[in-house]
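What follows is a single structure, written as structure tokens, with notes after it.
The values are calculated or read from the model by the stated rules, or taken from the named source; none is laboratory data. For clarity, every value in this text was computed on a predicted model and none was experimentally measured. All Cβ positions, glycine included, derive from the backbone under ideal geometry; neighbour counts span all protein chains shown. We work out accessible area using only protein heavy atoms, side chains counted, and drop any ligands, DNA or RNA first. Shrake-Rupley method; radii C 1.70, N 1.55, O 1.52, S 1.80 Å.
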Amino acid sequence: MVGKSKGLRISLMVLVYILLFATVLAMLVPYIWMLSSSLKLNKDVFSFPMQWIPANPRWENFTDIWTRIPLGRFIFNTAKLSIIVTILQLLTSSFAAYAFSKLHFRGKNFIFLGYIATIAIPWQAYMVPQFILMRYMGLNNTHLAIILLQAFSAFGVFMMRQFYQGVPDELCEAARIDGLSEYGIWARIMLPLSKPALSTLTIFTFVATWNDFLGPMIYLTDTKLKTIQIGLRMFISQYSAEYGLIMAASVVSIIPVVIVFLALQKYFVQGVAASGIKG
């Protein structure tokens, strides 16, 4: 019986590893194909059977993308929006989360539930009223419109509040006795303790803003203001698409995201676990 039980555990373990390997492979194949296609001519991108390693890599694709479209300007615009929105969301989410988790005021739970309920409303349901509002304020075709609309996040407040609730209230009470203000408690105690949650929110916000397509497409019309996700469409004409250049530009566009994730990955799992976020 012991031998059979041990054999069953080994079989299950092998099956689990096989499933994990298949999952990882399925997630990596699109990126490998993108990298392979970025070194090919258009006629070779969809050739069959597929050549994963091009016989004659076309490295010129990675130089042509900088001259065919203003890619440098698009990357700068995207980085600018991503960094500003990420910083603002970290500030607003952590500050609001501190109020909802450590302060006591009338209607706190009702306001929090009402704010969090907005997560259930898809952005497509209210993007037209938002656009009308931004146009009325004279912010259409400006980066400020996108920054204002994305500076606040109900998801960010929820995640940070979940983390703050794990911080003992005695720390805040002791700080108040020592004469520290609420702003001081937030800045000197809560923020240093919440590095894992802040890192997790940084990754979520930066990646979402960097990959945002619909928002910039709606609000930005001038080429000099567009982001990289909109700029990639300039490789697609009415009758053809330069897939080799699209893939090369896509490879370049994911580099900042990879850098941000690798820089903060050691806090990512800890922040998700401590905040109670489930995928």
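A Förster radius of 22 Å combined with the Cβ-Cβ distance from SER181 to HIS104 puts the calculated FRET efficiency at roughly 0.85. Once the chain from LYS43 to PHE131 is taken as fully extended at 0.36 nm per residue, the excess over their C-alpha distance is 27.6 nm. Going by a ≥ b ≥ c, the root eigenvalues of the Cα gyration tensor, does the chain fall in the rounded group (a/c under 1.5), the prolate group (a/b larger than b/c) or the oblate group? Oblate. The mean sequence distance of close C-alpha pairs (under 8 Å, at least 6 residues apart), as a share of the length of the chain, puts its relative contact order at 31 percent.
Remark: the range 1-118 is approximated by an ellipsoid whose semi-axes, taken from the C-alpha gyration tensor as √(5λ), come to 43, 37, 11 Å, largest first.
Mean residue ellipticity at 222 nm, helices only, the chain: -22000 deg cm²/dmol; runs of at least 4 DSSP H residues each add -39,500 (n - 2.57), and the sum is divided by the number of residues. In this view, the solvent-accessible surface of MET50, computed with a 1.4 Å probe and all protein chains in place, comes to about 50 Å². Per residue, the chain exposes an accessible area of 61 Å² to a 1.4 Å probe, with every protein chain left in place.
Does the range 80-237 come out rounded, prolate or oblate by the C-alpha gyration tensor, with a ≥ b ≥ c the root eigenvalues, rounded set by a/c under 1.5 and, if not, prolate when a/b is larger than b/c and oblate if not? Judged from the Cα gyration tensor, the range 80-237 comes out prolate (a/c at least 1.5, a/b above b/c).
LEU193 label point, 7 Å along Cα→Cβ, cut-off 16 Å on backbone N: hits in the range 101-139? Residues passing the 16 Å test: 101-104.
Charge tally for ASN77 (other residues, Cβ to Cβ under 13 Å; Lys, Arg +1; Asp, Glu -1): +2. Largest GNM mean-square fluctuation across LEU198, LEU232, LEU12, computed for the chain with C-alpha springs under 10 Å, falls on LEU12. Any idea of MET127's accessible area? Nearest 10 Å², probe 1.4 Å. We get 50 Å² for MET127. Taking a Cβ cut-off of under 14 Å around ILE147, the surrounding Lys, Arg, Asp and Glu residues balance to a net charge of 0, with basic ones at +1 and acidic ones at -1. Note on surface exposure: VAL207, VAL45 rank VAL207, VAL45 by accessible area, highest first, 1.4 Å probe. Solvent exposure of LEU25, expressed as accessible area, is near 90 Å², computed with a probe of 1.4 Å over the protein chains only. Taking the simple approach of a point 7 Å from Cα along Cα-to-Cβ for both TYR17 and PHE213, what is their distance in nm? Label at TYR17, label at PHE213, 3.9 nm between them. Distance from the Cα centroid of the range 216-236 to that of the range 102-119 is 37 Å (rounded to whole angstrom). The residues neighbouring SER94, those whose beta-carbon lies less than 12 Å from its own, together hold a net charge of +3 under the Lys/Arg +1, Asp/Glu -1 convention.
With a Förster radius of 25 Å applied to the beta-carbon distance between GLN165 and ALA120, the computed FRET efficiency rounds to 0.70. Taking LEU201, LEU262, LEU88 as the candidate residues, the one with maximal mean-square fluctuation in a Gaussian network model of the chain, Cα springs under 10 Å, is LEU262.
Surface listing: PHE163, PHE76 arranged by accessible area from highest to lowest gives PHE76, PHE163, probe 1.4 Å. Note on surface exposure: LYS102, LYS266 rank LYS266, LYS102 by accessible area, highest first, 1.4 Å probe.
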